[in-house]
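The values are calculated or read from the model by the stated rules, or taken from the named source; none is laboratory data. Quick caveat: nothing in here was measured; it's all calculated off a predicted structure. Virtual Cβ from ideal backbone geometry, glycine too; neighbours counted across all protein chains shown.
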């Protein structure tokens, strides 16, 4: 599967924290489910970002 997105290091740490929390509180099956759902969502946004909101060049560097 080709990824159509790239997480920043900060976002990657956030995802790791979310997954660690879910793993600790809900177990490995739920953590795996959350992982899949997050990355499915990231892939959808990465594949067609123009359909989700609008671009804000003033908020990020190129």
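Remarks
- Residue in segment 7-30 that is nearest to residue 44 (Cα to Cα), counting only those that are within 14 Å of the chain's Cα centre (by Cα) and touching a residue at least 12 places away in the same chain (Cβ under 8 Å): 7
- Per the conditions (1) surrounded by fewer than 12 Cβ atoms within 10 Å (Cβ to Cβ); (2) over 17 Å from the mean Cα position of the chain (by Cα); (3) at pLDDT 80 or above, the sole criterion not satisfied by residue 61 is (3).
- Just one residue in the set 46, 41 is surrounded by 12 or more Cβ atoms within 10 Å (Cβ to Cβ), at pLDDT below 95, in a helix (DSSP H, G or I) and within 12 Å of the chain's Cα centre (by Cα); that residue is 46.
- Per-region count, segment 1-37, residues loosely packed, with under 14 Cβ neighbours inside 10 Å and either assigned to a helix (DSSP H, G or I) or in contact with a helix residue (DSSP H, G or I) (Cβ under 6 Å, 6 or more places away or on another chain) (or both): 21
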